[in-house]
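One structure is given below, encoded as structure tokens.
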Amino acid sequence: MAIDYTERIPNNVDLASSRTLQRALEQWQPHFLNWWKELGPTDFEANDVYLRTAVSVDSKGWANYGYVKMPDYRWGIFLADPEENRTIGFGDDFGKPVWQQVPGEHRSTLRRLIVTQGDTEPASVEQQRLLGLTAPSLYDLRNLFQVNVEEGRHLWAMVYLLQAYFGRDGREEAEGLLLRRSGSPDNPRILATFNEPISDWLSMYMFTFFTDRDGKFQLKSFAESSFDPLARTCRFMLTEEAHHMFVGDTGIQRVVRRTLEVMNELGSDDPDAIRRAGAIDLPTIQKYLNFWCSSSLDLFGADTSSNAAAYFANGLKGRPDEEKFADHSLRDAMYDLDVFENGAVGVQSVSYRNALNEVTRQEYMKDCEKGLARWNKWIDRAGHAFRLKLPHVRFNRSIGSWAGVPTTPDGQPIDQAQFESNRDNWLPSASDRAYIQSLMHPVYEPGKMAAWIAPPEKGIKDKPVDYEYVRLA
Ligand code: BYC
């Protein structure tokens, strides 16, 4: 069904035919806009931004580019087209028809999952709220705002599900999504990573590379759900998510390229000399990478989880790309899990269903590796031996059996004192953070870049890099 933009809430779910739902969403809409004004990107409300807006949900024609003022962005409800006769693809009810309504027995679990997913979307907008004040270029400023408006739309996606399928509880949860605050001591966002401040652009690129990639994997798991409206919503969200990871992937690549240029000009890899030249030395990039990767690994949940097993058994949440696996029931399968035993790494065989968070986490690491291989190719071509590395899944964890176990970035258990004496070599130190912060000054002249980042290889859509992506006048 085509997206109807004549409606107050653009949608492709025939909202007009359900007056009660339409009214509920129209009541929520001004609350969302107030939240956006208060906690969305600061200072740029009146500026034209070159944004894409969804015009249809098919793979070809869904993006339309043009200048929009952010508060006028057409947030709405877009579901991927239904798949005829879709059946459940995993778990105990494999092969039965998918659900168009929420089964009573899964209501509270599904609501909790949708709320957890929904909570991350406004959280990320809040985390990135001040970054527009220090963008390294107009191109980056525009990308930030593109990501922000789409996270806003992803919130709409979850709020639609809550309002349409969960009655009064759903309406209350929809309000709650606008009330929690990233980083608030009293009413924080649900998952820890979404309470971390993102006050510099290196963190922004790390977040969009690592944390948005968790989003990709979680959305892919929901895209398999037996609750068909959730699956369809997530399938469409995934098309938007790809751009967010692109921002992170190319952002880090551009920082690395600029560092290599400076290393080449100086004929040195001395971090102090590189910093004096205004670029970011590779060891500091590695520390930011260690921090954001390990924090994002926590988002997959505990490595053995009866919750994950139940989500799978009941058909609520599958594995990303479930069809690529041979066994969709996993009733008897086992998984060998690394555990911490007597101060060393041991192996425990657990039911595969219970290990599903870990299975997805390992797939995620493989996906992250591809980015590192690309960045390392730049370093290699520039003739340097340094290589960026993913930290081990055991490093610096706060969730799961490795939570609080001190290890090296390679995952070898060590004692706490050793960890503490190396902490500043492995994770951003106060002085690293102060240095990165000192680089954060806005560069708003079309085509110009901050001194610590290389220009992108091309512009947005078919526009040149020096296009006026945000009109500041
Ligand atoms: N922080 O059995 P477990 C995105 C809790 S990102 C705090 O492993 P489960 C985006 C857990 O709630 C994708 N608490 O839990 C990216 C549980 O609590 P209870 C977001 C945590 O359910 C960038 C207990 O620990 N989407 O879209 O298997 C920008 C036991 O854990 C954490 C989703 O997360 C944590 N990290 O797995 C914008 C999908 N981890 O029950 C957007 C929805 C676990 O003991 N969420 N706990 O009180 C889920 O599927 C699951 O809730 C989780 C956790 C995978 C997160």
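Every number here is computed from the coordinates shown, using simple stated rules; none is lab data. Because the structure is predicted, anything quoted here is derived from the model rather than measured. Cβ: placed from backbone, ideal geometry, glycine included. Neighbour counts: every protein chain shown.
Looking at region 141-189 from every direction and averaging, what is the projected area of its Cα convex hull in nm²? Kindly include the intermediate steps, with their values, before the conclusion.
Working: hull surface 15.6 nm².
With the hull built on Cα positions only, its mean projection is 3.9 nm².
Simple rule: put +1 on each Lys or Arg Cβ and -1 on each Asp or Glu Cβ in the chain, find the dipole, and look at L144, Y444, L131; the Cα lying farthest toward the positive end is Y444. Scaling the Cα radius of gyration of region 183-304 by the globular reference 2.2 N^0.38 Å produces a ratio of 1.30.
Region 253-296 and region 354-401 have Cα centres lying 18 Å from one another. Judged by the gyration tensor of its Cα atoms, with axes a ≥ b ≥ c, region 1-51 is oblate; a/c meets the 1.5 cut and b/c is at least as large as a/b.
For region 1-88, which GluC sites (Glu not before Pro) are in a loop by DSSP, counting at most 12 other Cβ atoms within 10 Å? List each step's numbers first, then the result.
Numbers: sites: E7, E26, E38, E45, E83, E84; in loops: E7, E45, E83, E84.
Sparse-neighbourhood loop GluC sites (Glu not before Pro): E83, E84.
Between S421 and E172, the simple label model (points 7 Å from Cα in the Cβ direction) yields a spacing of 5.4 nm.
If I model a spin label as a point 7 Å beyond the Cα along the Cα-Cβ vector, how far apart are those points for A385 and K37 in nm? In this crude spin-label approximation the distance works out to 6.0 nm. The distance linking region 66-114 with region 404-453 is 38 Å (Cα centroid to Cα centroid, whole angstrom). Dividing the summed -39500 (n - 2.57) terms of all DSSP H runs of n ≥ 4 by the residue count of the chain sets its mean residue ellipticity at 222 nm at -15000 deg cm²/dmol. Computed over the Cα atoms of region 332-426, the ratio of the radius of gyration to the Kirkwood radius (Rg/Rh) comes to 1.04. For region 194-201, putting each phi into the Karplus relation 6.51 cos²θ - 1.76 cosθ + 1.60 with θ = phi - 60° gives couplings of 7, 10, 6, x, 10, 10, 9, 6 Hz, in residue order, rounded to whole numbers and with x for Gly and Pro. List the residues whose amide H sits under 5 Å from the amide H of N396, counting only those 5 or more places along or on another chain, with H placed 1.01 Å from N in the peptide plane. Residues meeting the amide H criterion: T407.
Taking Rh as the Kirkwood radius computed over C-alpha pairs, what is the Stokes-Einstein D of the chain at 20 °C in a medium of viscosity 1.002 mPa s, expressed in µm² per second?
Details: Rh = 23.4 Å.
Stokes-Einstein gives a translational diffusion coefficient of 91 µm²/s.
Normalised by 2.2 N^0.38 Å, where N counts its residues, the alpha-carbon radius of gyration of region 117-223 equals 1.10. Here the mean projected area of the convex hull built on the C-alpha positions of region 260-334 is 8.4 nm².
Note the direction-averaged projected area, equal to a quarter of the hull surface, for the Cα convex hull of region 298-359, in nm².
Details: hull surface 18.7 nm².
With the hull built on Cα positions only, its mean projection is 4.7 nm².
With a cut-off of 15 Å, note down the residues of region 424-448 whose backbone N falls inside the zone around a label point 7 Å from the Cα of L472 toward its beta carbon. The answer is 440-448, whose backbone nitrogens lie closer than 15 Å to the label point.
Residues T20, T233 in ascending order of nearby Cβ atoms (within 10 Å, fewest first): T20, T233. Charged side chains reduced to their Cβ positions (Lys and Arg at +1, Asp and Glu at -1) give region 359-473 a dipole of some 300 debye around its Cα centre. With each label modelled as a point 7 angstrom along the Cα→C-beta vector, the M365-Q348 pair spans 1.8 nm. Per q in 0.12, 0.14, 0.21 Å⁻¹, report the Debye log10 I(q)/I(0) for region 1-146, using one uniform scatterer on each alpha carbon and no solvent. Each listed q maps to, in turn, -0.69, -0.92, -1.47. Charges were assigned to the Cβ only: +1 to each Lys and Arg, -1 to each Asp and Glu. The resulting dipole of region 66-135 about its Cα centre is roughly 260 debye. The fraction of Cα-Cα pairs per 5 angstrom bin, counted from 0 for region 54-126, comes to 3, 10, 12, 17, 19, 16, 12, 7, 3, 1 percent, rounded to whole percents.
For the chain, a simple Cβ point-charge model (Lys and Arg +1, Asp and Glu -1, everything else neutral) yields a dipole of about 520 debye relative to the Cα centre.
For region 112-152, the calculated P(r), taken from all Cα-Cα distances in 10 Å bins from zero up to the bin holding the longest distance, is 29, 47, 18, 6 percent.
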